[in-house]
Amino acid sequence: MILHNPSSCTRIAAAVRSKAPRSTKALYATVRGGRPPSEPSDDAPPQDNDFILSILRTNPSLRDARAYLASFGLRPQSQPSSNPQAKVPSTPAIVDSTLNKSVTTVSELPKPSPVIASILNPVYRRTALVKIQGPFTDNQLDSICRGLVYLEKLGLVSVIVVENDERPRGDQDERTAIVDEVMRVVTNLEKQGSRARPVVGAVVRLGPKPDDAASIPERGFEPPETHTLPSDLIAIRSALSAGEIPVIAPFALDSFCRSVRVDANDVIAGLARGMVEASSIDKASTSSAQDGHLEFSSEVDLTPLRLMIIDRDGGVPSYARSGYPHLLINLTSEYEHIHDTFDSRWQYNHPSALSNLALARTCLEYMPSYSAYPTLLRRGVPIQVLTSLSEIDRPKLNNLLEQSFGRQLDEESFYKRLSESLDFVIVAGDYVGAAIVTNEQSSKDSAPISYLDKFAVLPSHQGDGTVDFLWVALHDETYGLGHPFSANPNGGKGGRGEGRDLVWRSRSNNPVNKWYFERSSGHIRMGAWVLFWRRGSAGLSYVEDWEEGRLSDWGEVVLKIRSSWK
């Protein structure tokens, strides 16, 4: 999900790594520091102020970016048929007039090669649910539509629902005003080179589905106030099949089959559920490709891959960031906390922040777990901090570590070491991820060394945001202590305390090292190992003379830690 203010879209920029001068004694180490991104001018040229740039700049990690791009590649090949002798229905004979004799057509259709398939069907088109919560100025709408058209070229087709906050429900001529706003978006999309179709008929129905009441305790959240039937999606399917972006007015059918205006959030929530259910039906009824050949289809997968909420207010304010928007939200573990810490004064400048947060929570419950990237919000998983070895579910932790590292754990040795040096374990969900930190005795200082012993995420959860939420929790418990934005509800220290340097090691040929480079303050190569650290003290971007001994101490202690694997 993206909560965005188009008038300041270029303010979401990547932090620039600074390279401060280093002493000659510290040249053997690579260190990095950050500085706040520069604020671009409001007079920046349009191509530098595009809405699409702000979308692409919100990607949390390279791993997630790869997973995102993979969503638009060729459709996976099916396994060859287990019965090569399967019968093919016979075909009637045709007459070749040039040879004056009957010819029987070949009973087996020719299968295109993968090369031809990649040319004929190069992109697997997916959908994104988009709420344009205006009204916006012409320049703002230009920027928004330009970004959505660019996403369409990449294979992500928007299903847009338009809202106008300045025309409250019940106003005279509200239907005409809403239809005019829909046509304004359609016109702007076509001006950007796309094709769009206004959908002013109702695509959702008021009221939950009949069987929703029994499922509320299981789901743990209120279902949408609207629902769809397969026939309600005909207009959306038709537009997508014709290569057009559907732009939908926020209307719904009531119990008397009258089309009435409703909140756009209700339309988005009903569509999120309905499109996922319709896509599941489509996939179940479609025969899979055989003999390992690619499946050809011009249809767009209705399952929403992304949720974007574009409004004039910006994101959800964070008390820990003095009212500035949250940068990343784990809805599962932070939803109630955000509500509890929402300052009533923010209601004036961010009147729809909490309702949009609730919309995201509802939609992401139905959408795939990998949805909402590039993103500021994810469904996420619960995060908990364990400080005692007795609290750990050993079989689940063993399974996590062995699946993540692909090696067999030496349980006796591993848990014996944890019994002597464990500081805490951060657990994501039902052991789908974990970070284990130990206290290692320094050879030169009385204070222990905070050592990241293990950082693991199940392969099935790599790319769904678990890695990022786990690292954020690790930040909050170690080098981020003392910062107000570390006060997150993960059951740990709540941000209270003083930041501690975090140290860890990795094999020099570990492909994950690039990810570690991005998140560390510096590193040293020590033979077959790379020693990383993240500084708890803020400000400096180079190694001071007095810190040289500390690096040697870290290396001496950390490299002596025995392997946990058999």
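The values are calculated or read from the model by the stated rules, or taken from the named source; none is laboratory data. Source: prediction; values computed, not measured. Please note: Cβ atoms are built from the backbone with ideal geometry, for glycine as well, and neighbour counts cover all protein chains shown. Side chains are part of the model used for accessible areas, which takes the heavy atoms of the whole protein and leaves out ligands, DNA and RNA. Shrake-Rupley method; radii C 1.70, N 1.55, O 1.52, S 1.80 Å.
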Name, by its number, the condition in (1) modelled with pLDDT of 90 or more; (2) touching a Pro at 6+ places or on another chain (Cβ under 9 Å); (3) of a type in the set (Ser, Thr, Tyr) that does not hold for SER442.
(1)
Of all residues in the stretch 167-196 being exposed (fewer than 14 other Cβ atoms within 10 Å of the Cβ) and small (Gly, Ala, Ser), which is modelled with the highest pLDDT?
GLY193
Assuming SER371 fulfils every condition listed in (1) within 19 Å of VAL467 (Cα to Cα); (2) in contact with a Phe, Trp or Tyr (Cβ under 6 Å, 6 or more places away or on another chain) apart from one, which condition is it?
(2)
Condition met for SER371 (surrounded by 22 or more Cβ atoms within 10 Å (Cβ to Cβ) and in a loop (DSSP other than H, G, I, E, B))
yes
Take the residues in the stretch 397-439 that are over 35 Å from the mean Cα position of the chain (by Cα) and of a type outside the set (S, T, N, Q); name whichever of them is most open to solvent (accessible area, probe 1.4 Å).
GLU412
Look through the stretch 238-264, keep the residues that are open to solvent by 20 Å² or more (accessible area, probe 1.4 Å) and touching a Pro at 6+ places or on another chain (Cβ under 9 Å), and return whichever of them is nearest to GLU190 (Cα to Cα).
SER238
Residue check for ASP263: acidic (Asp, Glu) and more than 21 Å from ASN356 (Cβ to Cβ):
no
Cross-chain or 6+ apart pairs with Cβ under 6 Å, the stretch 309-327 first and closer than 26 Å to VAL267 by Cα, then among the charged types (D, E, K, R):
ILE309/LYS131
For the stretch 410-442, what are the residues that are of a type in the set (A, V, I, L, M, F, W, C) and more than 15 Å from ASN399 (Cα to Cα)?
LEU418, LEU422, PHE424, VAL425, ILE426, VAL437
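Okay, residues lined up against (1) farther than 25 Å from LEU151 by Cβ; (2) not polar (S, T, N, Q):
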residue: ILE338; (1), (2): yes, yes
residue: SER355; (1), (2): no, no
residue: ALA360; (1), (2): no, yes
residue: PRO368; (1), (2): no, yes
residue: ILE383; (1), (2): yes, yes
residue: ASP410; (1), (2): yes, yes
residue: LEU418; (1), (2): yes, yes
For SER215, all conditions in the list (1) at pLDDT 95 or above; (2) surrounded by fewer than 21 Cβ atoms within 10 Å (Cβ to Cβ) hold save one; what is the number of the exception?
(1)
Looking at GLU222, is it crowded, with 19+ Cβ neighbours inside 10 Å and more than 18 Å from GLY134 (Cα to Cα)?
no
For the stretch 515-566, which residues satisfy the criterion of being at pLDDT 85 or above, β-branched (Val, Ile, Thr) and farther than 21 Å from VAL457 by Cβ?
ILE524, VAL557, VAL558, ILE561
Please determine whether any residue of the stretch 332-349 is more than 24 Å from PRO168 (Cβ to Cβ) and assigned to a loop (DSSP other than H, G, I, E, B).
yes
For the stretch 494-515, which positions are free of Cβ contacts under 8 Å to residues at least 24 places away in the same chain and open to solvent by 40 Å² or more (accessible area, probe 1.4 Å)?
ARG496, GLY497, ARG507, SER508, ASN509, ASN510, PRO511, VAL512
Test: VAL199 is within 20 Å of LEU151 (Cβ to Cβ), open to solvent by less than 50 Å² (accessible area, probe 1.4 Å), modelled with pLDDT of 90 or more and not acidic (Asp, Glu)
yes
